[in-house]
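The values are calculated or read from the model by the stated rules, or taken from the named source; none is laboratory data. What you see is a predicted model; the values in this text were computed from it and never measured. Cβ sites come from the backbone with ideal geometry, for glycine too, and all protein chains shown count toward neighbours. Side chains included, ligands, DNA and RNA excluded: accessible areas come from the protein's heavy atoms. Shrake-Rupley method; radii C 1.70, N 1.55, O 1.52, S 1.80 Å.
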Amino acid sequence: MKLYYSPGACSLSPHIVLLEAGLPYTLVKTDLKAKKTADGADYLAINSKGAVPALELDDGRVLTEGPAVVQYLADQKPESGLAPRAGSFERYQLMEILNYLTSEVHKGFGPLFNPATSAEVREATVAALAKKFDWLTGYLGKKNFLLGDTFTVADAYLFTLLNWTGFVKIDLSKWPALAAYHARVAQRPKVHAAMKEEGLVK
Ligand SMILES: N[C@@H](CCC(=O)N[C@@H](CS)C(=O)NCC(=O)O)C(=O)O
């Protein structure tokens, strides 16, 4: 399988999942502005939406949209526990939180990555994200991971999103439980390995 990624982007989530699941993969770095892969191929021909992640299977089929990609990967290694069994209530709870992360949290960061965003819009965007972080704090509660004691694909996604607070200068220490969660997940060997492969840590 090939994972099309950009360093530190939301594609870090499936990258972590590939490593946690122990699946073989190759990484293809993608220039999101130029819409070109590192070897000069037209990225729009791979994913016409122009966004990462995209997962290319060995038979050439391509799957996009982070929440779908990570569930596909987890289902290749059910014994990894990275996703509850398909069809179980717990699996719908995983989809519930993945959907929240993708539509409410991930997209909530959008204006903060746009250099044209005004100070007023930035302030409103940070205030809206703060409410999502409050909610996530309550949802996490005293659990180690989003769904309980087991690291799942949802944790790979939330970790990736919380990582962005550093880039956009949101002080995560205002949410001590999320900051502790982020630090805990960062220590997982496979998470560290993914960050290292993307050049995010030494
Ligand atoms: N709905 C997509 C969104 C993916 C997305 O927002 N990717 C960003 C990086 S985190 C991207 O590639 N942005 C560049 C672009 O859309 O042109 C998903 O969940 O996978």
Pulled fully out, how much extra length does the chain show between residue 174 and residue 192, if you take 0.36 nm times their separation in residues and subtract their Cα-Cα distance? 4.1 nm
Could you report the accessible area of residue 135 in Å², rounded to 10, computed with a 1.4 Å probe on the protein chains as they sit in the structure? 110 Å²
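How long are the three semi-axes of the equivalent ellipsoid of the chain, in whole Å, if each is the root of 5 times an eigenvalue of the C-alpha gyration tensor, listed from largest down?
Equivalent ellipsoid semi-axes, largest first: 25, 23, 15 Å.
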Solvent-free Debye scattering, log10 I(q)/I(0), computed from the Cα coordinates of the stretch 95-150 at q = 0.16 Å⁻¹: -0.56
For the chain, what does the helix formula give at 222 nm: sum of -39500 (n - 2.57) over DSSP H segments with n ≥ 4, over the residue count, nearest 500 deg cm²/dmol? -14000 deg cm²/dmol
Can you tell me the alpha carbon radius of gyration of the stretch 7-47 divided by the globular rule-of-thumb value 2.2 N^0.38 Å? 1.27
Once fully extended, how much extra length lies between residue 65 and residue 32, figured as 0.36 nm per residue of separation less the alpha-carbon to alpha-carbon distance? 10.3 nm
Beyond a 30 Å Cα-Cα separation, which of these cross-linked pairs lie in this structure: 143/190; 142/169; 33/174; 49/142; 169/190? 33/174; 49/142
For 94, 44, what's the largest-to-smallest order of accessible area, 1.4 Å probe? 44, 94
For the stretch 1-91, take every pair of Cα atoms, bin their distances at 5 Å starting from 0, and report each bin as a whole percent. 3, 15, 26, 24, 16, 9, 5, 2, 0
Most fluctuating residue of 156, 38, 177 in a GNM of the chain with Cα springs under 10 Å: which is it? 38
Sort all Cα-Cα distances of the stretch 67-110 into consecutive 5 angstrom bins from zero, then give the percent of pairs in each bin up to the one containing the longest distance. 6, 23, 27, 22, 12, 8, 3
Fraction of alpha-carbon pairs in the stretch 89-202 farther than 22 Å apart, rounded to whole percent, equals 34 percent
How large is the Rg to Rh ratio of the stretch 41-131 when both quantities use alpha carbon positions and Rh follows Kirkwood? 1.08
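Please state the relative contact order of the stretch 74-184 as a whole percent: Cα pairs under 8 Å, 6+ residues apart?
27 percent
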Hydrophobic long helices for the chain, i.e. whole DSSP H runs reaching 18 angstrom or more by Cα along the axis with Kyte-Doolittle mean at least -1.0, come out as 119-140, 153-167
What is the distance in Å between the Cα centroid of the stretch 152-202 and that of the stretch 39-108? 19 Å
Out of 30, 117, 152, any idea which swings most in a Gaussian network model of the chain, alpha carbons joined below 10 Å? 117
For the chain, modelled as a GNM with alpha-carbon contacts under 10 angstrom, which of 128, 180, 41 fluctuates the most? 41
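So how strong a dipole does the stretch 45-202 carry about its Cα centre when Lys and Arg Cβ are +1 and Asp and Glu Cβ are -1, to the nearest 20 debye?
On the way: 18 positive and 17 negative charges, 86 e Å.
Dipole about the Cα centre, nearest 20: 420 debye.
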